[in-house]
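Asks: Just passing along the structure, written as structure tokens.
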Amino acid sequence: MTLQSVLERIDSSKEEMVNSLIEMCKIPSIHPDSGGDGETERAKFLTELCGKLGLPVRSVDAPDEKVSSGVRPNMLVELEGKQDKMVWIVSHSDIVPAGNLKHWDTDPFDPVVKDGKIFGRGVEDNGQSLIRSLYALWAVKEEGGKPDVGCGLALVADEEVGSRLGIQYLLTKDIFNPGDLILVPDFSSSAGTDVEIAEKNILWMRITTEGRQSHASLPHKGINALRAGAELLLMIDKELHDRYTGKNEIFDPPTSTFEPTKKNSNVPNVNTVPGKDVFYFDCRLLPEFHPEEIRTTVRTLADQIEQKRKVKIKIDIIQEEMSPATSEDSEFVVKLKNAI
Ligand SMILES: [Zn+2]
């Protein structure tokens, strides 16, 4: 087996890869919390594709009552190497919803090829990685002989909403070993020449304000949760931006970000003072800021609004992730840079 022969094999299957990616992306695999039914149908497609490519699949399904199949499918596809050490490529099979269909020129779930690109929901994040890594592994297998190190793919569920039943589930199952090299191709740069070695810390919060519902003509009988929530939202927005400054140019953008995002609907009619208000913040922190600090700051602001507006405010953490950066001099980063 030579690198050249593997690359030629991959190049010669371009059309097949494009078709596989298009067919796979016709199957929505949306998280149950975002209104979908999970990844099971897509996992079936991938299992069949592995069958066609002659690649062995090991299933490590995580139970989940929220989806009709009862599981969130994780798949491992492995080729043995001369050593026990493995190179893993981790890709995720779930996608985010299509959003407002008015902003799509074509059906998000019927991908099309235009100007040398594929347009459809999830073709990039993370469909291309699922398909490319499968064909890469297939090409290595077809060349015959054992590679120096083992090669494995982890095709995981549940990445877009917390990873609990995806990679985190696999981490409890004794699959990865210290010394394994792990690549996560889930970051896009069109030239494909960047190696990402650090991520911002993540904090997602749901902020629920409880007031008292009343008729809008008698607001003194209620406590308007929307007004209190809106005031708090703007206070959080200002305080976090003022307080957690600083720049690190390895990130794009180089600053921490604090974005109010999702907003739950409240009352269906205009003439009711809402008794409950729910909004969310997505915070991405430079590594020097701990999510705990942000939570404390937001709680302090919430206490002020509770006092001022006579409401109750609850802060739920939807996701909190901290990961140390990988060293620029680590074995895998050096190898990747050389490869690129
Ligand atoms: Zn992704």
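Computed from the coordinates by the stated procedures, all read-outs in this text should not be read as laboratory data. Model, not experiment: these values are computed from the prediction. With ideal geometry, Cβ positions are generated from the backbone for all residues, glycine too; neighbour counts draw on all protein chains shown.
Asks: Hey, what angle do you get for helix 40-53 against the long axis of the chain, alpha-carbon based, 0 to 90 degrees rounded to 10?
Replies: Between helix and principal axis, roughly 10 degrees.
Asks: Count neighbours as other Cβ atoms within 10 Å of each site's Cβ, and list the trypsin sites (Lys or Arg not before Pro) in region 233-333 that are DSSP loop with at most 14 such neighbours. Provide the component values of the computation, followed by the final result.
Replies: Working: sites: K238, R243, K247, K262, K263, K276, R284, R295, R299, K308, R309, K310, K312, K314; in loops: K247, K310.
Of the trypsin sites (Lys or Arg not before Pro), the ones in loops of region 233-333 whose Cβ has at most 14 other Cβ atoms within 10 Å are K247, K310.
Asks: Viscosity 1.306 mPa s, temperature 10 °C: what is the translational diffusion coefficient of region 201-321 from Stokes-Einstein with a Kirkwood Rh over Cα pairs, rounded to a whole number of µm²/s?
Replies: 105
Asks: Please state, as a whole number in µm²/s, the translational diffusion coefficient that the Stokes-Einstein equation yields for region 268-330 at 37 °C and 0.692 mPa s, with Rh defined as the Kirkwood radius across alpha carbon pairs.
Replies: 219
Asks: Does anyone have the angle between helix 225-243 and the longest principal axis of the chain? Alpha-carbon axes, 0 to 90°, nearest 10?
Replies: 60
Asks: Here's a follow-up. Take the Cα of T272, step 7 Å along the line toward its Cβ, and report every residue of region 9-43 whose backbone nitrogen sits under 12 Å from that point.
Replies: No residues fall inside that zone.
Asks: In addition: Wrap a convex hull around the Cα atoms of region 140-214, take a quarter of its surface area, and give that in square nanometres.
Replies: If I average the Cα hull's projected area over directions, I get 10.2 nm².
Asks: Kindly provide log₁₀ I(q)/I(0) values, in the same order as q = 0.10, 0.12, 0.15 Å⁻¹, from the Debye equation applied to equal alpha-carbon scatterers of the chain.
Replies: -0.73, -0.99, -1.35
Asks: So which chymotrypsin sites (Phe, Trp or Tyr not before Pro) in region 156-215 end up in coil per DSSP with only 14 or fewer other C-beta atoms within 10 Å?
Replies: Values: sites: Y169, F176, F187, W204; in loops: F176, F187.
Within region 156-215, the qualifying chymotrypsin sites (Phe, Trp or Tyr not before Pro) (loop, at most 14 other Cβ atoms within 10 Å) are F187.
Asks: Could you tell me the center-to-center distance, by alpha carbons, between region 132-186 and region 269-340 in angstrom?
Replies: 28
Asks: Taking amide H positions as placed 1.01 Å from N in the peptide plane, with prolines and chain starts having none, which residues 5 or more places from R212, or on another chain, fall under 5 Å of its amide H?
Replies: Result for R212 returns I223, N224, A225.
Asks: Shifting gears a bit: Would you mind counting up the charge near N248? Only other residues with Cβ under 11 Å from its Cβ, with Lys and Arg at +1 and Asp and Glu at -1.
Replies: Values: positive: K200, K247; negative: E249, D252, E288.
Summing Lys and Arg as +1 and Asp and Glu as -1 gives -1.
Asks: Also, quick follow-up: Where in region 36-72 are there trypsin sites (Lys or Arg not before Pro) that are in a DSSP coil and have at most 15 other Cβ atoms within 10 angstrom of their Cβ?
Replies: Details: sites: R42, K44, K52, R58, K66; in loops: K66.
In loop regions of region 36-72 (DSSP not H, G, I, E or B), the sparsely surrounded trypsin sites (Lys or Arg not before Pro) are K66.
Asks: Compute the angle between helix 3-12 and the longest alpha-carbon principal axis of the chain, please, reported from 0 to 90 degrees and rounded to the nearest 10.
Replies: 70
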